[in-house]
1. What are the residue pairs meeting all of these: first residue in the stretch A:80-100, first residue over 15 Å from A:V156 (Cβ atoms), second residue assigned to a helix (DSSP H, G or I) and open to solvent by less than 20 Å² (accessible area, probe 1.4 Å), Cβ atoms under 6 Å, and 6 or more apart or on different chains?
2. Kindly indicate whether any position in the stretch A:105-126 is out of contact with any helix residue (DSSP H, G or I) (no Cβ under 7 Å at 6 or more places or on another chain) and not aliphatic (A, V, I, L, M).
3. Going by the conditions given, is B:I95 within 10 Å of chain A (Cβ to nearest Cβ), under 22 Å from B:N144 (Cα atoms) and either open to solvent by 10 Å² or more (accessible area, probe 1.4 Å) or in a helix (DSSP H, G or I) (or both)?
4. Please enumerate the residues belonging to the stretch B:120-149 that are open to solvent by 90 Å² or more (accessible area, probe 1.4 Å) and facing another protein chain (nearest Cβ under 10 Å).
5. Given the criterion among the charged types (D, E, K, R), buried (at least 18 other Cβ atoms within 10 Å of the Cβ), part of a helix (DSSP H, G or I) and modelled with pLDDT of 95 or more, identify the matching residue among B:E112, B:E59.
6. Please identify the pairs in which a residue from the stretch B:150-165 that is farther than 13 Å from A:E124 by Cα and more than 7 Å from every other protein chain (Cβ to nearest Cβ) has its Cβ atom under 7 Å from the Cβ atom of a residue that is open to solvent by 90 Å² or more (accessible area, probe 1.4 Å) and of a type in the set (K, R), counting only partners at least 6 apart or on another chain.
7. Kindly evaluate A:L119 against the criterion of being of a type in the set (A, V, I, L, M) and at pLDDT 95 or above.
8. So A:Q60 fits all but one of (1) in contact (Cβ under 8 Å) with a residue 60 or more places away in the chain; (2) more than 22 Å from A:A132 (Cα to Cα); what number is the exception?
Number of protein chains: 2
Amino acid sequence: MAVETMDDLFLETLKDIYYAEKQILKALPGMVKKAQTPKLKKMLEVHRGETLGQVERLEQVFELLDEKPRGKKCDAIEGIIKEAKEHMSEIEDEIVRDAGIITSAQAVEHYEICRYGTLVSWAELLGHTKAARLLGQTLKEEKNADALLSGLAESVVNQHAKMREAA
Amino acid sequence: MAVETMDDLFLETLKDIYYAEKQILKALPGMVKKAQTPKLKKMLEVHRGETLGQVERLEQVFELLDEKPRGKKCDAIEGIIKEAKEHMSEIEDEIVRDAGIITSAQAVEHYEICRYGTLVSWAELLGHTKAARLLGQTLKEEKNADALLSGLAESVVNQHAKMREAA
């Protein structure tokens with residue numbers, strides 16, 4: 001698709017994040033399975049539910065624009081998920097692996113925060129008020145998920161440090 | 001390199017962001033050249049200078065850890081930069097292209113904010129106080145760059161909307 005107008009760029013970016021959300025949905029169950037810290041496992045499970053809702057919201061936004069929901073390959077999210085998989089398969093120590101899973105999950109969140117931040121701003125400026133509201137709900141969820149992961153990262157690494165001291 | 005401890009994961013993540021910064025340094029001149037809005041051009045130029053300082057700080061952190069500065073291929077940043085290049089080569093309208101450049105630059109910033117946020121937190125918890133301070137300085141710069149880009153995005157898209165109304 002040729003991007004000629006801001007509306008084209010808006011649609012292109014919607015497709016990018018739609019593709020990304022679908023990839024995240026595929027990757028999350030593996031992350032839940034590998035996570036050892038119970039709080040992390042739970043948080044990733046909850047986030048999978050949220051992600052399903054976020055995909056639905058994107059489909060509503062496509063509908064508001066009279067467009068069919070379609071994804072566009074997003075290399076950034078593929079790179080982030082590839083790294084998450086490497087962490088999960090290569091790190092043997094459970095706590096270090098959890099720290100790796102958290103940092104990959106945060107990279108995913110930040111990618112989404114950035115994209116949804118842009119989309120909300122563009123939707124408002126282009127007069128897509130209802131779309132802006134829907135995208136804003138997702139943006140809030142992603143920021144919340146990132147904050148929860150930051151808190152959890154600290155407790156996981158603290159636990160690791162204490163175990164190291166005790167060893 | 002096998003990641004066995006939190007120190008290994010810290011070093012691995014340092015290598016990831018070191019590689020990313022070097023790629024960003026390579027990509028920025030092209031973005032400066034293509035940007036049309038004078039404020040955006042200027043901002044990207046200033047950020048190139050900041051990025052040089054950030055690379056130096058990372059080299060200091062490697063030195064503090066008695067490690068040689070080395071990068072590790074980071075697919076996420078390659079994906080983001082690839083998208084930036086697509087925006088720059090494929091979008092003909094100058095304002096829409098600037099909006100595309102800004103959103104790519106923000107994706108870069110968010111990737112860095114996430115990585116440096118993690119690195120600062122890990123450095124503190126692992127007792128690398130001086131490294132934490134250096135990485136924290138960069139984190140502050142990245143957050144500032146992202147905020148400036150957000151403001152600029154709004155004025156660029158507003159300008160576009162006004163031109164569209166006038167057309």
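1. What qualifies is A:I80/A:A107; A:I80/A:V108; A:I80/B:A76; A:I81/A:A27; A:E83/A:S104; A:A84/A:S104.
2. Looking for residues that are out of contact with any helix residue (DSSP H, G or I) (no Cβ under 7 Å at 6 or more places or on another chain) and not aliphatic (A, V, I, L, M), one finds none in the stretch A:105-126, hence no.
3. no
4. Once the filter is applied, which keeps residues that are open to solvent by 90 Å² or more (accessible area, probe 1.4 Å) and facing another protein chain (nearest Cβ under 10 Å), the stretch B:120-149 yields only B:E124.
5. Of B:E112, B:E59, the one residue that is among the charged types (D, E, K, R), buried (at least 18 other Cβ atoms within 10 Å of the Cβ), part of a helix (DSSP H, G or I) and modelled with pLDDT of 95 or more is B:E112.
6. B:L152/B:K39
7. The answer is yes for A:L119.
8. With (1) in contact (Cβ under 8 Å) with a residue 60 or more places away in the chain; (2) more than 22 Å from A:A132 (Cα to Cα) applied to A:Q60, the lone miss is (2).
The values are calculated or read from the model by the stated rules, or taken from the named source; none is laboratory data. Bear in mind the structure is a predicted one, so any value in this text is a computation, not a measurement. Every residue, glycine as well, gets a Cβ built from its backbone with ideal geometry; the counts of neighbours run over all protein chains shown. Protein only, heavy atoms only, side chains kept; ligands, DNA and RNA dropped before computing areas. Shrake-Rupley method; radii C 1.70, N 1.55, O 1.52, S 1.80 Å.
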